[in-house]
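The values are calculated or read from the model by the stated rules, or taken from the named source; none is laboratory data. Since we're looking at a predicted model, the values are computed, not measured. Because the Cβ atoms are built from the backbone with ideal geometry, glycine has one as well, and the counts that use them run over all protein chains shown.
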Amino acid sequence: MKKELDDRDRIRCISELRPTRDTLELLSGKWKVLIIMALAAKGPSRFMEMVRDIGNITPKMLSKELRDLEQNQLVTRTVLPTIPVTVEYALTDYGHTLRPVIAAMRDWGIKHRARMTGKAMPATRKKAA
């Protein structure tokens, strides 16, 4: 009986770890969460606007990260019929589903920073993610 319970617990644990690992892999790296936050806050943006808004990201890295986000259906890429050609990026409805996840990460980060520095937490904004 004990062995059977241990096996069920192990299977349940694995089934909960797998989607968490998938999420971490999807949002891995230094830039993806910041790109999603920028698009969520500002709405559709042109490529060079995003380079300026995010700061310290190279165009090559932004291009790579946007391709990954587009491949995972979180961002859309729209080529506008202008001269020169303009490309605009926006969060998909599916991408917007990450807003509460990112907001929770931000809120936890604020609390963690306050705990580690011993400084009081600033008032949190409700809408920014």
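Quick check: anything in region 66-79 in a helix (DSSP H, G or I), surrounded by 14 or more Cβ atoms within 10 Å (Cβ to Cβ) and either in contact with a Gly (Cβ under 9 Å, 6 or more places away or on another chain) or touching a residue at least 40 places away in the same chain (Cβ under 8 Å) (or both)?
Checked region 66-79: at least one residue is in a helix (DSSP H, G or I), surrounded by 14 or more Cβ atoms within 10 Å (Cβ to Cβ) and either in contact with a Gly (Cβ under 9 Å, 6 or more places away or on another chain) or touching a residue at least 40 places away in the same chain (Cβ under 8 Å) (or both).
If you scan region 60-73, which residues turn out to be in contact with a strand residue (DSSP E or B) (Cβ under 7 Å, 6 or more places away or on another chain) and either closer than 13 Å to Met37 by Cα or of a type in the set (A, V, I, L, M, F, W, C) (or both)?
Leu66, Leu69
I'd like to know if region 98-111 contains one or more residues that are at pLDDT 95 or above and assigned to a loop (DSSP other than H, G, I, E, B).
The answer is yes; a qualifying residue exists.
Output the qualifying pairs, or none if there are none: Cβ atoms under 7 angstrom, residues six or more apart or on different chains, first residue in region 18-39 and surrounded by 17 or more Cβ atoms within 10 Å (Cβ to Cβ), second residue among the aromatic types (Phe, Trp, Tyr).
Listed pairs, sorted by first residue: Leu39/Tyr89.
List the number of the failed condition for Thr82; all other conditions in (1) over 15 Å from the mean Cα position of the chain (by Cα); (2) part of a helix (DSSP H, G or I); (3) at pLDDT below 95 hold.
(2)
Output the number of residues of region 5-63 satisfying the condition of being hydroxyl-bearing (Ser, Thr, Tyr) and within 18 Å of His96 (Cβ to Cβ).
2
Determine which single condition Tyr89 fails, assuming it passes every other condition in (1) touching a residue at least 40 places away in the same chain (Cβ under 8 Å); (2) in a helix (DSSP H, G or I); (3) in contact with a strand residue (DSSP E or B) (Cβ under 7 Å, 6 or more places away or on another chain); (4) not small (Gly, Ala, Ser).
Checking Tyr89 against (1) touching a residue at least 40 places away in the same chain (Cβ under 8 Å); (2) in a helix (DSSP H, G or I); (3) in contact with a strand residue (DSSP E or B) (Cβ under 7 Å, 6 or more places away or on another chain); (4) not small (Gly, Ala, Ser), the one that fails is (2).
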